[in-house]
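The values are calculated or read from the model by the stated rules, or taken from the named source; none is laboratory data. Source: prediction; values computed, not measured. Ideal geometry is used to build each Cβ from the backbone, glycine not excepted, and the neighbour counts take in all protein chains shown. Just the protein is used for accessible areas: all its heavy atoms, side chains included, with ligands, DNA and RNA removed. Shrake-Rupley method; radii C 1.70, N 1.55, O 1.52, S 1.80 Å.
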Amino acid sequence: MAAPAESKQRVCLVAIDGSKHAEIAVKWFKENIYKEGDHVLLVHAIDHRHSMAYGSVAMMPGNPDAIAQQFRGEEKKAEHVMVQYKQKCIDMG
């Protein structure tokens, strides 16, 4: 027998990017949308486009290490953002 619709766990996705706007959005979500028992996913997409811009050192022919280094730097920034928001969510309850 299927469970009643009220007992289904909601899955909520909140996009974050480390900006003040994202911080406000997370707070608004908590105050207006979040319900006890929700499964909340914080999503941060890494944008490598600026690392690949023409004229960048990373685009010099024969320099794949520079590209990899740029990508690792962006990934570290993203990890830092996720750690910050995880703590913010814990602090908000």
Criterion violated by residue 44 - all others in (1) modelled with pLDDT of 85 or more; (2) of a type outside the set (Ser, Thr, Tyr); (3) open to solvent by 100 Å² or more (accessible area, probe 1.4 Å) satisfied: (3)
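On the basis of being farther than 16 Å from residue 18 by Cβ, under 18 Å from the mean Cα position of the chain (by Cα) and at pLDDT below 75, does residue 72 make the cut? Please lay out each step first, then the result.
On the way: farther than 16 Å from residue 18 by Cβ: yes; under 18 Å from the mean Cα position of the chain (by Cα): yes; at pLDDT below 75: no.
No: the conditions fail for residue 72.
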